[in-house]
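**Q** Take this structure first; my questions come after.
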Amino acid sequence: MPAWLTHGEHRTLTVALDRVTPADDRSPGAGQAGGADYVDLLLGAFTFDPPRIWAGGPFSGRHGGEASFGCWLDVGRIEELAWRMRIEGSQGRAEREFNGPVPGLQEQYRNGLACLGDDFADVDPIEQARRLSDDIQDDFRDLLFTHACEALYGDPVYGGNRDGRGWAAIGFTGDVQPRGWTDQEVTSG
């Protein structure tokens, strides 16, 4: 169940992320790796309490220690304002428009996905590429690519990099705390 996107938007986003960072013989596409979940959790960060901005720690539990990355940290008043402006935009609110109107990520995604069309996931790859290459989609395509990279290589707690598949594709074992790295692991290469 998406946190902020509609089911249709989530499906469209999954396919779009796979188009901007497709799978190959070593790596999953960003959509396959949970990229739409990553973006959805970012866009819906403030639907959770505490907001899903900063994962806890110090350990993920993947290599020992208490799995505490999933214990989300509270954000301060200024952090909350900054993140709400980034995600939600200024929304015509005086306290958010001290530098003028700001379109948030939610608005950018809603508009960008609408431009791709409700049928984007069902049309052939040539039509998908055409829609993504439209000049009006330049900024949105750049945003998709940025979030595709974050989703592929970020910590799985944020919704992407499903099963650490992005890390595996580049030979990164992920966090190794509290075990750490052995001298052999550090010096071999």
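Values in this text are rule-based calculations from the coordinates and carry no lab data. Keep in mind that this is a model prediction, so the values were computed, not measured. Note that each Cβ is placed from the backbone with ideal geometry, even for glycine, and that neighbours are counted across all protein chains shown.
**Q** Could you please rank 75, 186, 123, placing first whichever residue has the fewest other Cβ atoms within 10 Å of its Cβ?
**A** 186, 123, 75
**Q** Moving on to the next point. Could you order the peptides 167-174, 29-36, 7-14 from most to least packed, using the average number of other C-beta atoms within 10 Å per residue?
**A** Top of the packing list down: 29-36, 7-14, 167-174.
**Q** May I pose another question? Order of 118, 25, 124 from fewest to most other C-beta atoms within 10 Å?
**A** 25, 124, 118
**Q** Name the shape class, rounded, prolate or oblate, that the alpha-carbon gyration tensor gives for the stretch 86-189, where a ≥ b ≥ c are the square roots of its eigenvalues, rounded holds for a/c under 1.5, and otherwise prolate holds if a/b is larger than b/c and oblate otherwise.
**A** It comes out oblate by the Cα gyration axes.
**Q** Among the GluC sites (Glu not before Pro) in the stretch 110-189, which ones are in a DSSP loop with at most 15 other Cβ atoms within 10 Å of the Cβ? Mind listing them?
**A** none
**Q** Stokes-Einstein D for the chain at 25 °C, 0.890 mPa s, Kirkwood Rh over Cα pairs, in µm²/s?
**A** Translational D for this selection: 136 µm²/s.
**Q** Follow-up. Taking +1 at the Cβ of each Lys and Arg and -1 at the Cβ of each Asp and Glu, which of 60, 152, 81 sits farthest along the dipole of the chain towards its positive end, judged by Cα position relative to the Cα centre?
**A** Farthest along the dipole direction, towards plus: 60.
**Q** Next question, about the same structure. For residue 59, which sequence-distant residues (separation of 5 or more, or a different chain) have an amide H within less than 5 Å of its own amide H, given hydrogens modelled in the peptide plane?
**A** 68, 69
**Q** Run the helix sum for the chain: -39,500 (n - 2.57) per DSSP H stretch of 4+ residues, divided by residue count, reported at 222 nm to the nearest 500 deg cm²/dmol.
**A** -13000 deg cm²/dmol
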